[in-house]
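K.L.:
One structure coming up, written as structure tokens, with questions to follow.
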Amino acid sequence: MITRSRPLLLAVQAVLALGVLVNLGACGRAEAPTAPLAVAGRGAGAFQNGVNLPVPSSLALSPTTVAGGGSSTGTVRLDTPALAGGAIVALSSSSAAATVPASVTIAAGGSSATFTVTTSAVAANTSVNIRAALNGNSRTATLTITGGAAALSLASLALSPTTVAALGTSVGTVTLSGAAPAAGAVVALSSANTALATVPASVTVAAGARTATFSVTAGSPAATSTVGISGTFGGVTRTATLTVSAAVAALSAVAVAPASVAAGTPAQGTVTLSAAAPAGGFVVSLSSNLPASASVPASVTVAAGASSATFTVTTVPAVVGSSAILTATANAVSRTATLTITATDPCASVGGLGGAVVVTTASVPQFRTGRLRVDLVGDVPLGWVNAMGPCATSAAPTVSFVSGTCDVTFAGTTTSVIPGGPLTFIALAPPVPAEAGVVLATDAAGNVLQIIWPALAGLPPGPPTFRTNLVAWSPAVQAGSLLDATLTYTAQTPNGATATFTARGTNMAVPTFRP
């Protein structure tokens with residue numbers, strides 16, 4: 001039995017040995033694991049170590065048609081998010097008429113990125129293929145660049161200088177990609193911040209020309225700032241940056257209000273700076289070309305942080321009008337304002353018109369029973385009392401002499417010759433019955449204080465006469481006695497202004513007594 005089965009046993013053993021050898025050979029080889037199944041549309045390079053790598057799923061351009069010299073924005077998207085370290089997508093263009101960066105990076109975890117396609121002028125419409133490639137896969141988009149006259153666009157915008165001081169100016173220049181047509185080319189202009197710089201709404205490039213210029217006016221910023229100045233034409237926008245230096249305070253203007261005043265009425269001046277005054281303030285010198293008519297302080301200080309300050313312009317009464325030029329000066333910069341001064345109207349206001357009468361004649365013309373008369377002839381230097389005569393003696397006077405006083409003393413002393421001392425009078429008014437050119441007041445004792453305007457009273461023209469008639473006096477007053485007299489009159493106008501006029505005569509000889 002054993003002998004007959006030996007050949008079969010040997011055959012089984014041989015087969016088993018061969019299987020062992022085959023398995024051992026396989027274990028000794030470094031074979032790669034079986035690759036995953038390929039996804040349709042993915043190249044062989046899109047697989048690594050058994051992982052599907054991200055590849056471009058789309059490439060889009062916006063806009064898809066641009067004028068030569070314009071630009072378009074490309075957007076590349078991946079089919080899966082970028083792995084750690086990001087994905088660098090290679091970019092290329094089929095024509096030099098459209099340039100792209102060499103690559104664009106999509107950050108780890110991201111799935112898209114944008115890039116700029118820059119074009120140049122072309123003679124005729126041109127189609128350019130833009131390609132994005134990653135991990136053996138790519139996507140293509142077509143950009144159409146229009147050429148010829150239809151492709152005219154804004155090639156550049158430049159500023160000179162690019163840095164200006166506050167309130168300074170710069171010159172902008174726009175350049176087209178070609179010559180402007182017969183009707184010219186209107187380039188729209190704008191400023192990103194009109195507080196920093198202003199530009200006209202547009203500038204026109206003349207027919208056949210390629211460039212045009214415009215002015216940029218800077219603002220007055222507190223700190224140095226930048227602002228974009230843009231021009232747009234043919235669907236293309238170009239921008240240049242202007243730097244505006246921080247404003248330095250300078251004298252900008254001087255003004256006066258009101259611009260016209262009656263002589264004797266004050267006005268208010270204002271100095272204005274181009275920027276806020278620095279720490280310590282800003283001093284502005286002041287002057288007037290007619291200081292006797294309109295005076296100003298020597299200077300005015302604009303407080304730190306402020307941009308203006310006021311000052312008072314003082315005018316004095318005058319019989320004729322004038323125009324005063326007020327000048328403000330700081331750091332060699334001068335500004336002027338004109339104040340018109342009209343002649344004083346004493347019938348409208350007596351404010352500021354009072355003062356001492358310049359007496360040309362002082363006398364005691366009468367010394368008789370019940371009357372010791374003193375006459376003082378004269379007026380204040382500008383003749384205001386004489387000027388107000390018509391409006392003080394009219395049927396409806398606008399000037400009223402509301403009170404008065406009188407004192408007559410022995411010359412060189414304070415000893416009054418009036419029993420009881422100086423006299424006080426109430427309002428002086430035209431007498432009844434009327435006596436032309438006269439106002440007077442009579443006290444309870446019969447003493448009189450008056451003013452006589454010769455021209456109005458039918459006498460030869462001349463300055464007014466300030467008169468008092470005393471009904472009683474000291475027995476020591478005799479012919480030849482020397483007397484001093486002081487008479488005062490207070491006038492008032494409807495605006496409430498008042499003025500007091502004082503007439504004084506000295507060493508007046510008393511005439512011979514006439515009963």
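K.L.:
Sort through Val408, Val380, Val385 and tell me the only one that's closer than 14 Å to Ile452 by Cβ and in contact with a strand residue (DSSP E or B) (Cβ under 7 Å, 6 or more places away or on another chain).
P.N.:
Val385
Each row is one residue, and each column tells you yes or no for (1) more than 16 Å from the chain's Cα centre (by Cα); (2) more than 30 Å from Thr119 (Cα to Cα); (3) part of a loop (DSSP other than H, G, I, E, B).
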| residue | (1), (2), (3) |
| --- | --- |
| Thr226 | yes, no, no |
| Thr232 | yes, no, no |
| Ala253 | no, yes, no |
| Ala276 | no, yes, yes |
| Pro297 | yes, yes, yes |
| Val300 | yes, yes, no |
| Ala306 | no, yes, yes |
| Ala309 | no, yes, no |
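K.L.:
Are there strands (runs of 3 or more DSSP E) fully within the range 78-168 with at least 3 residues that are not polar (S, T, N, Q)? List them.
P.N.:
Here the list reads 87-93, 112-119, 126-134, 137-146, 154-160.
K.L.:
Before we move on, is Gly458 at pLDDT 95 or above and outside any strand (DSSP E or B)?
P.N.:
no
K.L.:
Just checking, does the range 314-327 include any residue being of a type in the set (Gly, Ala, Ser) and outside any strand (DSSP E or B)?
P.N.:
yes
K.L.:
Further question on the same structure: Please go through the range 465-512 and give me each residue that is in a loop (DSSP other than H, G, I, E, B) and either of a type in the set (Lys, Arg) or touching a Leu at 6+ places or on another chain (Cβ under 9 Å) (or both), ordered by number.
P.N.:
Val471, Ala472, Trp473, Val477, Ala497, Val510, listed by residue number.
K.L.:
Could you pull out the residue among Leu286, Leu242 that is within 30 Å of Asp345 (Cα to Cα) and in contact (Cβ under 8 Å) with a residue 40 or more places away in the chain?
P.N.:
Sole residue among the options that is within 30 Å of Asp345 (Cα to Cα) and in contact (Cβ under 8 Å) with a residue 40 or more places away in the chain: Leu286.
K.L.:
So if I check each of Ile130, Ile145, which one is under 23 Å from Asp79 (Cβ atoms) and aliphatic (A, V, I, L, M)?
P.N.:
Of the residues listed, the single one that is under 23 Å from Asp79 (Cβ atoms) and aliphatic (A, V, I, L, M) is Ile130.
K.L.:
Here's a follow-up. Would you confirm, using the coordinates I've provided, whether Val254 is under 18 Å from Asn331 (Cα atoms), touching a Ser or Thr at 6+ places or on another chain (Cβ under 6 Å) and in contact (Cβ under 8 Å) with a residue 12 or more places away in the chain?
P.N.:
Answer is no for this residue.
K.L.:
Continuing with this model, one more query. Which pairs have Cβ atoms under 7 Å, sit 6 or more apart or on different chains, and link a residue in the range 386-409 that is over 28 Å from Ala472 (Cα atoms) to one that is surrounded by 18 or more Cβ atoms within 10 Å (Cβ to Cβ) and among the aromatic types (Phe, Trp, Tyr)?
P.N.:
These pairs meet every condition: Asn386/Trp453; Gly389/Trp453; Ala392/Phe401; Thr393/Trp453.
K.L.:
Something else: Before we move on, is Thr239 of a type in the set (Val, Ile, Thr) and closer than 30 Å to Val271 by Cα?
P.N.:
Judged against the criteria, Thr239 is not a match.
K.L.:
Residue check: is Pro390 over 48 Å from the mean Cα position of the chain (by Cα) and either surrounded by fewer than 19 Cβ atoms within 10 Å (Cβ to Cβ) or over 18 Å from Ala455 (Cβ atoms) (or both)?
P.N.:
In short, yes.
K.L.:
If you go through the range 259-306, how many residues are polar (S, T, N, Q), modelled with pLDDT under 95 and surrounded by fewer than 17 Cβ atoms within 10 Å (Cβ to Cβ)?
P.N.:
Qualifying residue count for the region: 1.
K.L.:
Next question, about the same structure. Going by what's in this entry, would Val205 be described as among the β-branched types (Val, Ile, Thr) and under 28 Å from Ala98 (Cβ atoms)?
P.N.:
For Val205, the condition - among the β-branched types (Val, Ile, Thr) and under 28 Å from Ala98 (Cβ atoms) - is met.
K.L.:
Which residue, of Thr140, Thr173, Thr105, is under 48 Å from the mean Cα position of the chain (by Cα) and of a type in the set (Ser, Thr, Tyr)?
P.N.:
Exactly one of Thr140, Thr173, Thr105 is under 48 Å from the mean Cα position of the chain (by Cα) and of a type in the set (Ser, Thr, Tyr), namely Thr173.
K.L.:
How about the range 252-292: which of its residues are under 30 Å from Gly355 (Cβ atoms) and small (Gly, Ala, Ser)?
P.N.:
Across the range 252-292, the qualifying residues are Ala257, Ala259, Ser260, Ala262, Ala263, Gly264, Ala267, Gly269, Ser287, Ser288, Ala292.
The values are calculated or read from the model by the stated rules, or taken from the named source; none is laboratory data. It should be emphasised that the depicted structure is a prediction, and the values quoted were computed from it without experimental measurement. All Cβ positions, even for glycine, are placed from backbone atoms using ideal geometry, and neighbour counts span all protein chains on display.
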